[in-house]
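Inspection log for the structure reproduced underneath, given as structure tokens.
The values are calculated or read from the model by the stated rules, or taken from the named source; none is laboratory data. It should be emphasised that the depicted structure is a prediction, and the values quoted were computed from it without experimental measurement. Note that we place each Cβ from the backbone using ideal geometry, even for glycine, and neighbour counts take in every protein chain shown. Just the protein is used for accessible areas: all its heavy atoms, side chains included, with ligands, DNA and RNA removed. Shrake-Rupley method; radii C 1.70, N 1.55, O 1.52, S 1.80 Å.
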Amino acid sequence: MKSREALSKITRGVAKFQAEVYPAQRKLFEALKYRQEPIAMFFTCADSRILPNVLLQTGAGEIFTERTPGNIVPKYSDHVGGVTASVEYAMMVLRVSLIIVCGHTDCGVVKVLAEPEQANGMPALQNWIRHSFGSRERLLREHPEVYGEEKLQFLTEYNVLTQLENLKTHPAVASRLLSGELEIRGWIYDIGDGSVREADPESGRFEMLNGLVK
Ligand SMILES: [Zn+2]
């Protein structure tokens, strides 16, 4: 789609929001004018197919969302930037009691993790995926023989688990975990069938959250 068509579609969308959605929820938007009290931080990939508020069936003010390529959360010491600032804000100011790191099927970043040469000519992406090298190392250690879809599935899981560990290196997260004020969960959203699998906090094994969508 050319930029003019894209802009036109998006502008019509804003007009529809202003004409239909906003008036229907005017009280809510007005109440949110100066404050937010989200119930959770949702950390997911920048992929256009993930619609957090549609998937979670939440509305304005409910979910504090952070998105990065591959839902990667750099370790605190490795990369002080927007992600670190978001985590700090969610912990110290918004004081959310739940963080969900949500990976997904068919993730471009996971494919690059599987075959780093796909990122040739993209130095920023190559640099970024180093925050998930732990997942690659685990795959090579535990399943050196898998290829194709199976390899991507393991890497998708290990990537989420690696990011949960990376999150724990953030001081604000660690201290609130310690005091029992925070829970963190790892999910994988299946774009094709709508299912969500959750990592068991103890074993790290992914299990269906709500059963398959019919
Ligand atoms: Zn992705």
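What trypsin sites (Lys or Arg not before Pro) in region 7-83 are in a loop by DSSP, with at most 12 other Cβ atoms within 10 Å of the Cβ? Working shown, then result.
Values: sites: Lys9, Arg12, Lys16, Arg26, Lys27, Lys33, Arg35, Arg49, Arg67, Lys75; in loops: Lys33, Arg35, Arg49, Lys75.
Passing both the DSSP loop test and the Cβ count: Lys33, Arg35, Arg49.
Counting DSSP beta bridges in the chain, what percent are antiparallel, to the nearest 5? Display every interim value, and only then the final one.
Numbers: 6 of 23 bridges.
In the chain, approximately 25 percent of DSSP beta bridges are antiparallel ones.
Quick check for me: using +1 on Lys/Arg Cβ and -1 on Asp/Glu Cβ, what's the dipole size of the chain about its Cα centre, in debye to the nearest 20? Don't skip to the answer; put the middle values down first.
On the way: 25 positive and 27 negative charges, 200 e Å.
Value, rounded to 20: 960 debye.
Per residue and in Å³, how big is the convex hull formed by the alpha-carbon atoms of region 101-186? Walk me through the numbers on the way to the answer.
Working: hull volume 8.3 nm³, N = 86.
Measuring per residue, one finds 97 Å³ for the Cα hull of region 101-186.
If you plug each phi of region 102-114 into the Karplus form 6.51 cos²θ - 1.76 cosθ + 1.60 with θ = phi - 60°, what whole-Hz ³J(HN,Hα) values come out, in order, with x for Gly and Pro?
Result, ordered by residue: 10, x, 7, 6, 6, 7, x, 5, 5, 5, 5, 4, 6 Hz.
Give the long-range amide H neighbours of Ile99: residues separated by 5 or more places, or on another chain, with amide H under 5 Å away, using H modelled in the peptide plane at 1.01 Å from N.
Met41, Glu183, Ile184, Arg185
Mind checking which lysines have their Cα closer than 19 Å to the Cα of Lys16? Skip sequence neighbours fewer than 8 apart in that chain.
Lys27
Considering only C-alpha atoms, what is the centroid distance from region 1-56 to region 87-120, in Å?
21
Under a Cβ-Cβ cut-off of 13 Å, what is the net charge of the residues other than Thr156 that fall near it, where Lys and Arg count +1 and Asp and Glu count -1? Provide the component values of the computation, followed by the final result.
On the way: positive: Lys111, Arg136, Arg138, Lys151, Arg197; negative: Asp47, Asp106, Glu149, Glu150, Glu157, Asp190.
Taking every Cβ under 13 Å from that of Thr156, the sum is -1.
Taking the Cα atoms only, what angle lies between the long axis of helix 148-168 and the longest principal axis of the chain, rounded to 10 degrees?
70
Accessible area per residue, 1.4 Å probe, Å², for the chain: what's the number? Provide the component values of the computation, followed by the final result.
Working: 12560 Å² over 214 residues.
It amounts to 59 Å² per residue over the chain.
Using a Gaussian network model of the chain whose springs link C-alpha atoms within less than 10 Å, name the residue from Val21, Val196, Val73 with the highest mean-square fluctuation.
Comparing Val21, Val196, Val73 in the GNM, the peak value goes to Val21.
Tell me, which longest segment in the chain has none of the chymotrypsin sites (Phe, Trp or Tyr not before Pro) that fall in DSSP loops with at most 10 further Cβ atoms within 10 Å? Please list the in-between numbers first.
Numbers: sites that count: Tyr34, Tyr147.
That would be 35-146.
For the chain, modelled as a Gaussian network with Cα springs under 10 Å, which listed residue fluctuates most, Ile191, Ile99, Ile129?
Checking each option, the largest mean-square fluctuation is seen for Ile191.
Taking all protein chains in place and a 1.4 Å probe, what share, in percent, of the accessible surface of the chain do carbon and sulfur account for? Please list the in-between numbers first.
Details: 6790 of 12560 Å².
Solvent-exposed carbon and sulfur of the chain make up 54 percent of the total.
Quick one, can you get me the convex hull of the C-alpha atoms of the chain expressed as volume per residue in Å³? It would help to have the intermediate numbers written out before the result.
Details: hull volume 35.8 nm³, N = 214.
It comes to 167 Å³ per residue, whole-number rounded.
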